[in-house]
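Got a structure for you, written out below as structure tokens; questions coming shortly.
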Amino acid sequence: MTIIRNIFVLFIFATLSLLSADLNDINTSQEIKSAFKHTRVLLKNVPQKRFLKRFYRKNRYQALWIKENKINKKRANILFNLIKNDPTLSQKGLLKTTALILKNTIETNATKEQVLRREMKLTSLYNNFLKHTLYGEIKWKQFSYKLSSLKKHHINGSWIKYKAPQKINDLLIQPDINQTIEEITPKHFGYQLLIKGLKKLEKIKENGGWEKLPPFKKLKLGSSGDIVKKLRTRLIQSGDYIVCDENKTISKDDNSSDIPHINKEALFDKCLDEAIKKFQKRHGLAVDGVVGKGTQKALNLSVDDKIKKVLLNIDRIKWLPREDKKRYIIVNLPEFMLHYIEDNKTKQKLRVIIGDKRHPTPIFSHYISYIVLNPYWKVPEGIVRREVVPHMIKDPSYLRKQGIVAHRTWNENSRIMDTSFLYWEDYLYGRQKFPYRLMQPPGPRNALGKIKFKFPNRFSVYLHDTPTRYLFKKSFRAYSHGCVRLSQPEKLLETVAGFDKNINIIKAKKILKGKRKTQLNMSNKLRINLVYLTAGMNDDGELEFRDDLYNYDKYQKHILR
């Protein structure tokens, strides 16, 4: 009986405790609801007044931060620490300074009214932090206006954003703040690696950064002078220079090595040559060891400028698709590279050619759904108007030389039309609409090469082969009208065949030996992401930067929080 009595007493005690907690929650909710009748007092000097009114009304005035009539310091400190340790936030920015002030405030005793106001301030702070983590600080509306303004110059740039699926209101009421922030932090596109790179740059900044180099014409292996000493120091400060074997420090072909009075530090030796090549590779420059204008420009980008560039790219990733995929493709336009990812690892890299500055490749995501072997190139009307017509006016044999045929419709089997009687000047600058459809049949001169990977979209862009293979040797590869040309399309075809049962690589290779157009429908659609990232981390854990090809870094206004 004694045991039963004790269990009953414990049950009654636990029940009363729960009831007491529930009553406390009810009382707090009633107090918050009552306080909202006097919003001028409750929300004085509290930002986001409209949001707070809507949020608490929707959530029945439940408190997020009050426990037993006091601010729950444990919960609040989790938020403060997350904000304090977030490297994407400025030390002097609004979020960190507000968090520090609030942290000090909640350590002091407070009246009931002060506790309620602190509840409001904490919710406002958390809301801002969630928005920063989810969406970043890029002024997308201003960027959209800028893209629209470029259209009057016949530059049709497009950037499609993909908003994170989570809702702020739902996130605010989740009990575990750490878990919530982990949930909404991007997991792909090298986000965490960029965070590490940002921390490295911040450390370099703390140590004083690097000095800007004075102007000079050109430096290379064998050069000497004070400017070489400054160059060496600059590369040491950025971590690109590593002392190599002393026996390699002077080139055998370097005549200056025979001059005894030259300071070793002032000589452009093998160590410095290797450091420059490493730097050039990290910045997407021609890796030749020659410090010309392009390399000088990259060297003189300050550490603050690089931090801004990294922060901008971190916030771009926040607007990329967030779903988990076993396999997907990333085409990073400024890098001129395609990356095939499987199980979160890069399995394949291909060089690509993208749209030039007047025909920028759009930034968006889609799914590759079918592949065309031996494709026809159906010449877009814009290219007909801007390029084909002027060529035909100068050289009436242009179409024949290019192997381009005029058809009545876009159907490859439609009637072939005679263009010899056309007065081409009538179609110059779109004065009259061109009456036929121009196509280039499969063959060695076909602009699309032998393979085309299709992901039907409103921009009419796709991945394809090309007969102009020599362009892939260049470090700068923006030469197309918007589509993405592949250096090794057959390699990507083999990769797709490896996971898609509908693609038989043996049969496909036989078809490619001929000229018959064949469409292969995929059973497993492959996600493709065309992205614009000018900063990222390589496989060696080093920060890499790319030129702002389309001036999007310049156009995207980014504020520090």
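The values are calculated or read from the model by the stated rules, or taken from the named source; none is laboratory data. This is a predicted model, so every value here is computed, not measured. For neighbour counting, all protein chains shown are included, and Cβ atoms are generated from backbone atoms with ideal geometry for every residue, glycine included. Keep in mind that these areas ignore ligands, DNA and RNA; they rest on the heavy atoms of the full protein, side chains included. Shrake-Rupley method; radii C 1.70, N 1.55, O 1.52, S 1.80 Å.
Let me check the size of the chain from its C-alpha atoms; what are the radius of gyration and Dmax in Å?
31.2, 112
Provide the FRET efficiency to the nearest 0.05 for the Arg415-Lys394 pair, computing r from the beta carbons and using R0 = 41 Å. Could you put the intermediate results ahead of the total?
Values: r = 27 Å, r/R0 = 0.67.
My answer for the efficiency is 0.90.
Got a sec? Which residues in the stretch 211-232 would a label at Asp305 touch, if it sits 7 Å along Cα→Cβ and we count backbone N under 14 Å?
Answer for this model: 211-215.
Within the stretch 487-515, name every residue whose backbone N is under 12 Å away from a label modeled 7 Å from Cα of Asn524 along the Cβ vector.
The answer is 495-503, whose backbone nitrogens lie closer than 12 Å to the label point.
Related question: So what's the projected area for the stretch 337-457, the Cα convex hull averaged over all directions, in nm²? Mind dumping the intermediate values first?
On the way: hull surface 38.2 nm².
Value for the stretch 337-457: 9.6 nm².
Round to the nearest 10 and give me the degree value, 0 to 90, for the angle of helix 112-135's Cα axis relative to the longest principal axis of the chain.
Once rounded, the angle reads 10 degrees.
Another one. Looking at the P(r) of the stretch 442-555, how many percent of alpha-carbon pairs lie beyond 24 Å? Working shown, then result.
On the way: 2478 of 6441 pairs.
Across the stretch 442-555, Cα pairs with separations above 24 Å total 38 percent.
Sticking with this one: Counting helices only, and only those DSSP H runs with n ≥ 4, report the 222 nm mean residue ellipticity of the chain as the sum of -39,500 (n - 2.57) divided by its residues, in deg cm²/dmol to the nearest 500.
-12000 deg cm²/dmol
Taking Lys139 as the anchor, which aspartates and glutamates have their alpha carbon closer than 15 Å to its alpha carbon, excluding any fewer than eight residues away along the same chain?
Here the aspartates and glutamates satisfying the reach criterion relative to Lys139 are Asp315, Asp553.
For the residue pair Lys74 and Asn457, what label-to-label distance in nm results when each label sits 7 Å from Cα along the Cα-to-beta-carbon direction?
Rounded to a tenth, the inter-label distance reads 4.9 nm.
Please give the helix 49-58 orientation as an angle from the longest Cα principal axis of the chain, in degrees from 0 to 90, rounded to the nearest 10.
For helix 49-58, the angle is close to 70 degrees.
Within the stretch 121-154, whose backbone N sits under 18 Å from a point 7 Å along Cα→Cβ of Lys163?
Residues 127-145 qualify, since their backbone N sits under 18 Å from the label point.
Need one value: the accessible area of Glu381 in square angstrom, 1.4 angstrom probe, rounded to the nearest 10.
Glu381 has an accessible surface of roughly 90 Å² with all protein chains in place.
Additional query: Where does the stretch 97-141 land on Rg/Rh, using Cα atoms and the Kirkwood Rh?
That ratio is 1.13, to two decimals.
Next question, about the same structure. If exposed means no more than 12 neighbouring beta carbons inside 10 Å and the site is in a DSSP loop, what's the longest run of the chain without any exposed chymotrypsin sites (Phe, Trp or Tyr not before Pro)?
1-409
In whole percent, and with a 1.4 Å probe on the protein chains, what portion of the accessible area of the stretch 387-508 is carbon and sulfur?
Numbers: 3350 of 6600 Å².
Exposed carbon and sulfur together represent 51 percent of the surface.
For the chain, with the dipole built from +1 on Lys and Arg beta-carbon atoms and -1 on Asp and Glu ones, taken about the Cα centre, which of Leu201, Ile383, Leu100 lies farthest toward the positive end?
Ile383
While we're on this one: Heavy-atom accessible area per residue, the chain, 1.4 Å probe: how many Å²?
On a per-residue basis, the chain sits at 55 Å².
Quick check: residue separation of Lys203 and Asp226 times 0.36 nm, minus the Cα distance between them. What number comes out in nm?
Contour length minus the Cα-Cα distance gives 5.6 nm.
I'd like the Karplus ³J(HN,Hα) series for the stretch 149-160: coefficients 6.51, -1.76, 1.60, θ = phi - 60°, whole numbers in Hz, and an x wherever there's a Gly or Pro.
Per-residue couplings from phi come out as 5, 6, 5, 5, 9, 6, 10, 9, x, 9, 9, 8 Hz.
Between Glu490 and Phe216, how high is the FRET efficiency from 1/(1 + (r/R0)^6) when r is the Cβ-Cβ distance and R₀ = 60 Å? Nearest 0.05.
For R0 = 60 Å, the calculated efficiency reads 0.85.
Using 7 Å Cα-to-Cβ label points, what is the Lys297/Thr468 separation (nm, one decimal)?
According to this spin-label approximation, the distance is 2.1 nm.
Each residue of the stretch 312-320 in order: what ³J(HN,Hα) in whole Hz does its phi give by Karplus 6.51 cos²θ - 1.76 cosθ + 1.60, θ = phi - 60°, with x for Gly and Pro?
4, 6, 4, 6, 5, 4, 5, 10, 9
Taking 45 Å as R0, compute the FRET efficiency from the Cβ-Cβ separation of Tyr145 and Lys67 and round it to 0.05. Present the calculation step by step, with values, prior to reporting the outcome.
Values: r = 46 Å, r/R0 = 1.03.
Using R0 = 45 Å, I get an efficiency of 0.45.
Taking the Cα centroid of the stretch 164-183 and of the stretch 477-523, what is the distance between the two, rounded to the nearest whole Å?
42 Å
While we're here: Can you pull the one-decimal nm distance between simple spin-label points at Asp170 and Asn551, each 7 Å off the Cα toward Cβ?
Using points 7 Å along Cα→Cβ, the separation is 4.1 nm.
I would also like to ask the following. With contacts defined as alpha carbon pairs under 8 Å and 6 or more residues apart, what's the relative contact order of the chain in percent?
Computed value for the chain: 17 percent relative contact order.
If you add up the charges near Tyr436, with Lys and Arg at +1 and Asp and Glu at -1, over every other residue whose beta carbon is less than 14 angstrom from its beta carbon, what do you get?
After counting each charged neighbour, the total is +2.
Okay, moving on. Considering only C-alpha atoms, what is the centroid distance from the stretch 389-446 to the stretch 196-237, in Å?
Rounded to whole Å, the Cα centres lie 55 Å apart.
Positive end of the charge dipole of the chain (Lys, Arg +1 and Asp, Glu -1 on Cβ, about the Cα centre): tell me which of Pro175, Val291, Leu147 has its Cα farthest that way.
Leu147
For the chain, take the longest principal axis of its alpha carbons; what is the angle in degrees between that and the long axis of helix 489-499, to the nearest 10 within 0 to 90?
50 degrees
Let me ask something else. So between Thr108 and Arg60, what do we pick up on full extension, going 0.36 nm a residue minus the alpha carbon distance?
On the way: separation 48, 0.36 × 48 = 17.28 nm, distance 2.80 nm.
My answer for the length gained is 14.5 nm.
Taking +1 at the Cβ of each Lys and Arg and -1 at the Cβ of each Asp and Glu, which of Pro489, Ile503, Leu530 sits farthest along the dipole of the stretch 451-561 towards its positive end, judged by Cα position relative to the Cα centre?
About the Cα centre, the residue reaching furthest to the positive side is Ile503.
In whole angstrom, and with the biggest value first, how far do the Cα coordinates of the stretch 25-133 range along each principal axis?
Projected onto its principal axes, the Cα set of the stretch 25-133 covers 39, 28, 21 Å.
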